[in-house]
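What follows is a single structure, written as structure tokens, with notes after it.
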Amino acid sequence: MTRTLTNSLELEKAAALIRAGRLVAFPTETVYGLGANALDAAAVRRIYEAKGRPATSPLIVHVASVPMARKVVSAWPTAAEKLASRYWPGPLTFVLPKAKRVPDIVTAGLGTVGVRMPAHPIALALIRKAGVPLAGPSANRFTELSPVTAEQVRRGLGSAVDLVLDGGLCRVGIESTVLSLAGPVPVLLRPGMVSREQIEALIGPVLLAGTVADGVAHAAPGQHSKHYSPRAPLRLGLPSQSAGTAYLWWAVERPAEFAIRMPNDPDRYGAMLYDTLHKADNSETREIVVEPVPFGSDWDGIRDRLARAAA
Ligand code: AMP
Ligand code: MG
């Protein structure tokens, strides 16, 4: 079967839908996003309805340039400038004090906003054509696995989304790193494929959310421990029996009904993870077992998602 990737006519239609306050699912390099005009509170409300997402979970605003980012924040510190010039467009989100024009529903009432420039030509073209920043959480029902193909978006959200732009399989494959630059010290709120080490090399020490004293850490709502989960229960370890077991391994192979070999490299592992979990999570699967991944900051994002999928 041939896949029809997004063409310019479809992009025009998508941009018109965004301007009309509707929802468009779009590919990014991390996962597919469920996009709405971030400056239109009624449009953003539709995102929460379509996802069944609690209103306490803030959304990331997607922009097509640094000047556009600066219009949704009220401060743009040197650390943001340095990191953006190295990692934007890319899988790194900044949490910064928000500009007044960003509706409260986008930020779950917080005084800060998450902002990121995605590295995907379709996402960037959509934002530019619509002429507005896009609020865009992952295009899945709340707590479910994030989609990394257009087909997974359609299966998960159905008619709740007005249009799905198809950009093929996402290249990075897990959600962005989220870094708060809103307080006196940078705080890593969610690990991802831009690692803590890479960030510290540019801006110095970064604290980890949850490890800092009260009053220093920025509140990080939306960091529910159960998140990013397949339907079948997921366990970290080695498989015990084979019936209905899908086993994702990278070092230690064991007999299992579906033994799926994963790459021994964090970038390639991340790129395969959700697609593999979507495939492993079929009606015959009773349990998904994942071999624990290596230590090291380049695996932090993957380890975080696996821990939450197993919660
Ligand atoms: P998702 O859109 O599903 O990738 O999730 C977005 C994540 O970004 C949330 O779970 C939060 O952890 C984080 N986030 C977005 N905006 C903010 C904010 N203003 N303050 C703190 N965290 C945020
Ligand atoms: Mg999500």
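The values are calculated or read from the model by the stated rules, or taken from the named source; none is laboratory data. Quantities reported herein were computed from a predicted structural model and do not represent experimental measurements. Cβ atoms come from the backbone with ideal geometry, glycine included; neighbour counts cover every protein chain shown. The area values use the complete protein model at the heavy-atom level, side chains included, leaving out ligands, DNA and RNA. Shrake-Rupley method; radii C 1.70, N 1.55, O 1.52, S 1.80 Å.
Structure summary
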item: Any chance V172 is within 15 Å of ligand 2 (Cβ to nearest atom), touching a residue at least 60 places away in the same chain (Cβ under 8 Å), assigned to a helix (DSSP H, G or I) and buried (at least 23 other Cβ atoms within 10 Å of the Cβ); result: no
item: Matching residues, region 279-307, being of a type outside the set (D, E, K, R) and open to solvent by less than 10 Å² (accessible area, probe 1.4 Å); result: A280, I288, V289, V290, G301, I302, L306
item: Residue in region 52-61 that is aliphatic (A, V, I, L, M), within 16 Å of ligand 2 (Cβ to nearest atom) and open to solvent by 10 Å² or more (accessible area, probe 1.4 Å) present; result: yes
item: From L165, L92, L157, residue being within 17 Å of the chain's Cα centre (by Cα) and within 16 Å of ligand 2 (Cβ to nearest atom); result: L157
item: Looking only at region 4-51, and only at residues there that are of a type in the set (V, I, T) and modelled with pLDDT of 95 or more, the one that is surrounded by the most Cβ atoms within 10 Å (Cβ to Cβ); result: T30
item: Subset tally (residues that are surrounded by 23 or more Cβ atoms within 10 Å (Cβ to Cβ), more than 22 Å from L83 (Cα to Cα) and touching a helix residue (DSSP H, G or I) at 6+ places or on another chain (Cβ under 9 Å)) for region 100-113; result: 1
item: Filter result for the condition that a residue is out of contact with any strand residue (DSSP E or B) (no Cβ under 7 Å at 6 or more places or on another chain) and outside any loop (DSSP other than H, G, I, E, B), over A43, A64, A79, A55; result: A79
item: Scope region 133-143; condition surrounded by fewer than 21 Cβ atoms within 10 Å (Cβ to Cβ) and more than 11 Å from ligand 1 (Cβ to nearest atom); matching residues; result: R141
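Table: residues versus (1) part of a loop (DSSP other than H, G, I, E, B); (2) open to solvent by 10 Å² or more (accessible area, probe 1.4 Å); (3) closer than 18 Å to A38 by Cα.
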residue	(1), (2), (3)
A84	no, no, no
V95	no, yes, yes
V115	no, no, yes
A119	yes, yes, no
L126	no, no, yes
R155	no, yes, no
S159	no, yes, no
V185	yes, yes, no
